[in-house]
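The values are calculated or read from the model by the stated rules, or taken from the named source; none is laboratory data. Model, not experiment: these values are computed from the prediction. Here the Cβ positions follow ideal geometry from the backbone for every residue, glycine too, while neighbour counts run over all protein chains shown. We work out accessible area using only protein heavy atoms, side chains counted, and drop any ligands, DNA or RNA first. Shrake-Rupley method; radii C 1.70, N 1.55, O 1.52, S 1.80 Å.
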Amino acid sequence: MKKILTPLLVPILVALRAIVLKFFRVYENRKILGFPLRLYNLGIGKTGTTSISGILRNYNAVHEHRFNEVVPKIIDWENNIITRDDFVEYIVAKEERRKFPVVDSSGFIHYYADILLEKFPDAKFILTTRDVESWFISDINNLFNHYEGLQSTWRKGLFDIRINNKYPIFKELYKKSEIKNHLIETLLNTDMIKDFLRYYYDSNLKIINLIPEDKLLIINTNNISRSIKDIAAFCEIPESELLIKHSRRNMTKHNLDYFNCLDNSDVKNKFDELLITFKDKRDNLIKYSYKFV
(Lines give C-alpha, C1' and ligand atoms only; values in the text may rest on other atoms or scores of the structure.)
Protein backbone atom coordinates (compact mmCIF):
# COMPACT_ATOMS: atom_id res chain seq x y z
CA MET A 1 0.00 0.00 0.00
CA LYS A 2 2.84 2.38 0.92
CA LYS A 3 4.52 1.76 -2.45
CA ILE A 4 1.28 2.70 -4.19
CA LEU A 5 0.64 5.89 -2.17
CA THR A 6 4.17 7.31 -2.27
CA PRO A 7 4.20 8.06 -6.04
CA LEU A 8 0.78 9.71 -5.66
CA LEU A 9 1.85 11.91 -2.76
CA VAL A 10 4.70 13.56 -4.64
CA PRO A 11 2.59 15.37 -7.28
CA ILE A 12 -0.01 16.22 -4.63
CA LEU A 13 2.61 17.86 -2.40
CA VAL A 14 4.11 19.71 -5.35
CA ALA A 15 0.67 21.04 -6.28
CA LEU A 16 -0.03 22.13 -2.69
CA ARG A 17 3.32 23.88 -2.50
CA ALA A 18 2.52 25.79 -5.72
CA ILE A 19 -0.87 26.85 -4.33
CA VAL A 20 0.67 28.09 -1.06
CA LEU A 21 3.39 30.05 -2.89
CA LYS A 22 0.83 31.58 -5.23
CA PHE A 23 -1.29 32.64 -2.25
CA PHE A 24 1.64 34.47 -0.63
CA ARG A 25 2.58 36.13 -3.92
CA VAL A 26 -0.97 37.32 -4.44
CA TYR A 27 -1.08 38.70 -0.89
CA GLU A 28 2.31 40.38 -1.20
CA ASN A 29 1.46 41.99 -4.53
CA ARG A 30 -2.21 42.67 -3.90
CA LYS A 31 -4.08 45.03 -6.19
CA ILE A 32 -5.69 47.96 -4.38
CA LEU A 33 -8.60 48.44 -6.73
CA GLY A 34 -11.05 51.30 -6.47
CA PHE A 35 -8.43 53.77 -5.21
CA PRO A 36 -8.85 56.95 -7.32
CA LEU A 37 -5.25 57.20 -8.45
CA ARG A 38 -4.26 58.01 -12.03
CA LEU A 39 -0.48 58.18 -12.38
CA TYR A 40 1.82 58.10 -15.40
CA ASN A 41 5.60 57.89 -15.56
CA LEU A 42 6.73 59.90 -18.58
CA GLY A 43 10.41 58.96 -18.49
CA ILE A 44 12.01 57.76 -21.71
CA GLY A 45 13.33 54.20 -21.99
CA LYS A 46 16.29 53.15 -19.81
CA THR A 47 15.47 55.63 -17.04
CA GLY A 48 13.83 53.24 -14.57
CA THR A 49 10.32 52.89 -15.99
CA THR A 50 10.25 49.18 -15.10
CA SER A 51 11.33 49.94 -11.53
CA ILE A 52 8.54 52.47 -11.02
CA SER A 53 5.91 50.01 -12.22
CA GLY A 54 7.34 47.38 -9.84
CA ILE A 55 7.33 49.71 -6.85
CA LEU A 56 3.67 50.58 -7.49
CA ARG A 57 2.55 47.05 -8.33
CA ASN A 58 0.08 47.06 -5.43
CA TYR A 59 -1.72 49.87 -7.21
CA ASN A 60 -2.38 47.96 -10.40
CA ALA A 61 0.76 49.41 -12.01
CA VAL A 62 1.76 48.09 -15.41
CA HIS A 63 4.77 48.55 -17.64
CA GLU A 64 4.19 49.31 -21.32
CA HIS A 65 0.42 48.90 -21.14
CA ARG A 66 -0.91 47.50 -24.44
CA PHE A 67 2.49 48.05 -26.06
CA ASN A 68 1.70 46.16 -29.28
CA GLU A 69 -1.46 48.21 -29.71
CA VAL A 70 -0.31 51.66 -28.61
CA VAL A 71 3.05 51.87 -30.36
CA PRO A 72 1.69 51.29 -33.90
CA LYS A 73 -0.77 54.12 -33.22
CA ILE A 74 2.08 56.40 -32.12
CA ILE A 75 4.05 55.51 -35.23
CA ASP A 76 1.06 56.19 -37.51
CA TRP A 77 0.38 59.49 -35.77
CA GLU A 78 4.02 60.64 -35.92
CA ASN A 79 4.14 59.70 -39.61
CA ASN A 80 0.83 61.53 -40.34
CA ILE A 81 -0.95 58.33 -41.32
CA ILE A 82 -3.75 59.02 -38.83
CA THR A 83 -5.01 62.40 -37.65
CA ARG A 84 -4.45 63.86 -34.20
CA ASP A 85 -8.19 63.65 -33.54
CA ASP A 86 -8.14 59.93 -34.28
CA PHE A 87 -5.15 59.43 -32.03
CA VAL A 88 -6.69 61.44 -29.18
CA GLU A 89 -9.91 59.47 -29.48
CA TYR A 90 -7.97 56.20 -29.26
CA ILE A 91 -5.89 57.23 -26.22
CA VAL A 92 -8.88 58.58 -24.28
CA ALA A 93 -10.99 55.50 -24.99
CA LYS A 94 -8.13 53.20 -23.96
CA GLU A 95 -7.56 55.03 -20.68
CA GLU A 96 -11.24 55.34 -19.80
CA ARG A 97 -11.67 51.56 -20.08
CA ARG A 98 -9.14 50.94 -17.30
CA LYS A 99 -10.18 50.34 -13.70
CA PHE A 100 -8.84 52.48 -10.87
CA PRO A 101 -6.14 52.76 -9.85
CA VAL A 102 -4.53 53.53 -13.21
CA VAL A 103 -0.73 53.48 -12.95
CA ASP A 104 1.34 53.23 -16.12
CA SER A 105 5.11 53.50 -16.47
CA SER A 106 6.31 53.22 -20.05
CA GLY A 107 9.07 54.76 -22.15
CA PHE A 108 6.65 55.94 -24.82
CA ILE A 109 3.92 57.76 -22.84
CA HIS A 110 5.78 61.05 -23.22
CA TYR A 111 4.61 61.11 -26.85
CA TYR A 112 1.05 61.79 -25.71
CA ALA A 113 1.55 63.42 -22.30
CA ASP A 114 -0.29 66.54 -23.49
CA ILE A 115 -3.38 64.47 -24.25
CA LEU A 116 -3.36 62.85 -20.80
CA LEU A 117 -2.89 66.24 -19.13
CA GLU A 118 -5.79 67.77 -21.04
CA LYS A 119 -8.25 64.89 -20.87
CA PHE A 120 -7.50 63.67 -17.35
CA PRO A 121 -7.01 66.82 -15.21
CA ASP A 122 -6.79 64.82 -11.96
CA ALA A 123 -3.84 62.75 -13.19
CA LYS A 124 -0.37 63.04 -11.68
CA PHE A 125 2.93 62.44 -13.43
CA ILE A 126 6.41 61.17 -12.63
CA LEU A 127 9.45 61.91 -14.77
CA THR A 128 12.37 59.52 -14.28
CA THR A 129 15.54 60.88 -15.80
CA ARG A 130 19.31 60.37 -15.65
CA ASP A 131 22.47 62.03 -16.93
CA VAL A 132 22.72 61.99 -20.70
CA GLU A 133 25.96 59.98 -20.96
CA SER A 134 24.85 57.04 -18.80
CA TRP A 135 21.47 57.07 -20.56
CA PHE A 136 23.13 57.00 -23.99
CA ILE A 137 25.41 54.11 -23.04
CA SER A 138 22.51 52.15 -21.51
CA ASP A 139 20.26 52.82 -24.49
CA ILE A 140 22.91 51.80 -27.01
CA ASN A 141 23.72 48.63 -25.06
CA ASN A 142 20.02 47.78 -24.84
CA LEU A 143 19.57 48.36 -28.54
CA PHE A 144 22.42 46.11 -29.61
CA ASN A 145 21.92 43.44 -26.93
CA HIS A 146 18.41 42.92 -28.28
CA TYR A 147 19.35 43.60 -31.88
CA GLU A 148 17.95 40.44 -33.46
CA GLY A 149 14.60 40.63 -31.69
CA LEU A 150 14.15 44.33 -32.39
CA GLN A 151 14.35 43.89 -36.15
CA SER A 152 10.84 42.48 -36.34
CA THR A 153 9.02 44.37 -33.57
CA TRP A 154 7.15 47.64 -33.19
CA ARG A 155 9.96 48.81 -30.90
CA LYS A 156 12.03 49.24 -34.05
CA GLY A 157 9.44 51.74 -35.21
CA LEU A 158 10.05 53.89 -32.13
CA PHE A 159 13.77 54.03 -32.95
CA ASP A 160 12.94 54.92 -36.54
CA ILE A 161 10.82 57.85 -35.31
CA ARG A 162 13.66 59.01 -33.09
CA ILE A 163 16.08 59.19 -36.02
CA ASN A 164 13.45 60.28 -38.56
CA ASN A 165 13.89 57.03 -40.51
CA LYS A 166 17.22 58.32 -41.80
CA TYR A 167 19.77 55.65 -40.93
CA PRO A 168 19.85 51.87 -41.46
CA ILE A 169 20.38 50.97 -37.81
CA PHE A 170 18.64 47.65 -38.33
CA LYS A 171 20.21 45.22 -40.77
CA GLU A 172 20.02 41.47 -41.09
CA LEU A 173 22.90 40.78 -38.71
CA TYR A 174 23.15 37.75 -36.45
CA LYS A 175 26.83 37.30 -35.52
CA LYS A 176 28.07 39.28 -32.53
CA SER A 177 31.13 40.38 -34.48
CA GLU A 178 28.93 41.80 -37.26
CA ILE A 179 26.69 43.56 -34.75
CA LYS A 180 29.68 45.06 -32.96
CA ASN A 181 31.15 46.36 -36.22
CA HIS A 182 27.78 47.82 -37.16
CA LEU A 183 27.61 49.49 -33.73
CA ILE A 184 30.95 51.21 -34.31
CA GLU A 185 29.75 52.36 -37.71
CA THR A 186 26.52 53.64 -36.15
CA LEU A 187 28.24 55.48 -33.31
CA LEU A 188 30.61 57.22 -35.68
CA ASN A 189 27.63 58.66 -37.55
CA THR A 190 27.53 62.24 -36.29
CA ASP A 191 23.95 62.89 -37.39
CA MET A 192 22.72 59.71 -35.71
CA ILE A 193 24.25 60.66 -32.35
CA LYS A 194 22.76 64.12 -32.69
CA ASP A 195 19.32 62.59 -33.15
CA PHE A 196 19.75 60.50 -30.00
CA LEU A 197 20.83 63.58 -28.03
CA ARG A 198 18.04 65.67 -29.48
CA TYR A 199 15.52 63.00 -28.46
CA TYR A 200 16.91 62.92 -24.90
CA TYR A 201 16.83 66.68 -24.37
CA ASP A 202 13.62 67.44 -26.24
CA SER A 203 11.67 64.66 -24.50
CA ASN A 204 12.75 65.72 -20.99
CA LEU A 205 12.34 69.45 -21.58
CA LYS A 206 8.94 68.92 -23.20
CA ILE A 207 7.62 67.21 -20.04
CA ILE A 208 9.18 69.72 -17.62
CA ASN A 209 7.71 72.64 -19.55
CA LEU A 210 4.33 70.93 -20.10
CA ILE A 211 3.33 69.49 -16.73
CA PRO A 212 2.51 71.92 -13.89
CA GLU A 213 4.85 71.68 -10.90
CA ASP A 214 2.14 70.48 -8.51
CA LYS A 215 1.40 67.54 -10.82
CA LEU A 216 4.98 66.46 -11.55
CA LEU A 217 7.55 64.55 -9.49
CA ILE A 218 11.02 64.35 -11.07
CA ILE A 219 13.13 61.41 -9.94
CA ASN A 220 16.78 60.82 -10.69
CA THR A 221 17.12 57.22 -11.89
CA ASN A 222 20.04 56.65 -9.53
CA ASN A 223 17.88 57.70 -6.56
CA ILE A 224 14.75 55.62 -7.18
CA SER A 225 15.35 53.35 -4.17
CA ARG A 226 15.80 56.43 -1.96
CA SER A 227 12.68 58.14 -3.30
CA ILE A 228 10.06 55.88 -1.74
CA LYS A 229 8.88 58.50 0.77
CA ASP A 230 8.61 61.14 -1.93
CA ILE A 231 6.65 58.82 -4.24
CA ALA A 232 4.26 57.89 -1.43
CA ALA A 233 3.70 61.53 -0.44
CA PHE A 234 3.24 62.63 -4.04
CA CYS A 235 0.70 59.87 -4.74
CA GLU A 236 -0.97 60.28 -1.32
CA ILE A 237 -0.60 56.58 -0.54
CA PRO A 238 0.96 54.72 2.44
CA GLU A 239 4.69 54.21 2.12
CA SER A 240 4.22 50.66 3.44
CA GLU A 241 2.28 49.74 0.27
CA LEU A 242 5.24 50.48 -2.00
CA LEU A 243 7.46 47.54 -2.97
CA ILE A 244 10.98 48.90 -2.59
CA LYS A 245 12.49 45.53 -3.54
CA HIS A 246 11.53 46.30 -7.15
CA SER A 247 13.41 49.61 -7.25
CA ARG A 248 16.26 48.19 -9.34
CA ARG A 249 14.32 46.04 -11.77
CA ASN A 250 15.36 45.49 -15.38
CA MET A 251 19.03 46.25 -14.78
CA THR A 252 21.20 44.76 -17.51
CA LYS A 253 22.60 41.42 -16.38
CA HIS A 254 25.00 39.12 -18.15
CA ASN A 255 24.59 41.03 -21.40
CA LEU A 256 27.51 42.25 -23.46
CA ASP A 257 28.52 45.81 -22.65
CA TYR A 258 28.92 46.76 -26.30
CA PHE A 259 29.65 50.40 -25.69
CA ASN A 260 32.47 50.03 -23.18
CA CYS A 261 34.18 47.14 -24.96
CA LEU A 262 34.53 49.13 -28.18
CA ASP A 263 37.92 50.47 -27.12
CA ASN A 264 37.32 53.26 -29.57
CA SER A 265 38.22 56.71 -28.27
CA ASP A 266 36.85 58.26 -31.48
CA VAL A 267 33.31 57.47 -30.34
CA LYS A 268 33.84 59.02 -26.90
CA ASN A 269 35.48 62.12 -28.38
CA LYS A 270 32.70 62.52 -30.93
CA PHE A 271 30.04 62.18 -28.25
CA ASP A 272 31.72 64.81 -26.05
CA GLU A 273 32.08 67.18 -29.00
CA LEU A 274 28.42 66.82 -29.93
CA LEU A 275 27.32 67.46 -26.35
CA ILE A 276 28.74 70.96 -26.68
CA THR A 277 26.33 71.67 -29.54
CA PHE A 278 23.48 70.99 -27.10
CA LYS A 279 24.82 73.39 -24.47
CA ASP A 280 21.69 75.57 -24.39
CA LYS A 281 19.38 72.60 -23.95
CA ARG A 282 21.72 71.06 -21.39
CA ASP A 283 21.81 74.28 -19.35
CA ASN A 284 18.04 74.58 -19.62
CA LEU A 285 17.60 71.06 -18.26
CA ILE A 286 20.14 71.58 -15.46
CA LYS A 287 18.07 74.54 -14.23
CA TYR A 288 15.46 72.02 -13.13
CA SER A 289 17.88 69.69 -11.39
CA TYR A 290 17.00 71.26 -8.04
CA LYS A 291 13.63 69.57 -8.36
CA PHE A 292 15.15 66.12 -8.85
CA VAL A 293 14.47 63.84 -5.89
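Quick notes
- Selection status of E118, part of a helix (DSSP H, G or I), farther than 25 Å from V88 by Cβ and either at pLDDT 90 or above or more than 15 Å from the chain's Cα centre (by Cα) (or both): no
- Residues of the range 259-293 that are modelled with pLDDT under 70 and of a type in the set (S, T, Y): Y290 alone.
- Only one of K94, K73 that is under 20 Å from the mean Cα position of the chain (by Cα), open to solvent by 30 Å² or more (accessible area, probe 1.4 Å) and modelled with pLDDT of 95 or more: K73
- Members of the range 190-208 that are in contact with a helix residue (DSSP H, G or I) (Cβ under 9 Å, 6 or more places away or on another chain) and without any contact (Cβ under 8 Å) to a residue 40 or more places away in the chain: M192, D195
- Of D191, D195, all but one fail to be part of a helix (DSSP H, G or I), of a type outside the set (S, T, N, Q), at pLDDT below 95 and open to solvent by 70 Å² or more (accessible area, probe 1.4 Å); the exception is D191.
- Residue satisfying condition, being of a type in the set (S, T, N, Q) and exposed (fewer than 14 other Cβ atoms within 10 Å of the Cβ), within set N164, N142: N164
- Any hit, the range 167-187, residues being farther than 23 Å from T47 by Cα, open to solvent by 60 Å² or more (accessible area, probe 1.4 Å), in a helix (DSSP H, G or I) and in contact (Cβ under 8 Å) with a residue 24 or more places away in the chain: yes
- For the range 46-70, a tally of residues being over 19 Å from I228 (Cα atoms) and crowded, with 19+ Cβ neighbours inside 10 Å returns 4.
- Checked against (1) out of contact with any Leu (no Cβ under 7 Å at 6 or more places or on another chain); (2) of a type outside the set (G, A, S); (3) surrounded by fewer than 17 Cβ atoms within 10 Å (Cβ to Cβ), T128 meets all criteria but (3).
- No other residue among E148, E172, E213 is of a type outside the set (V, I, T) and at pLDDT 85 or above apart from E213.
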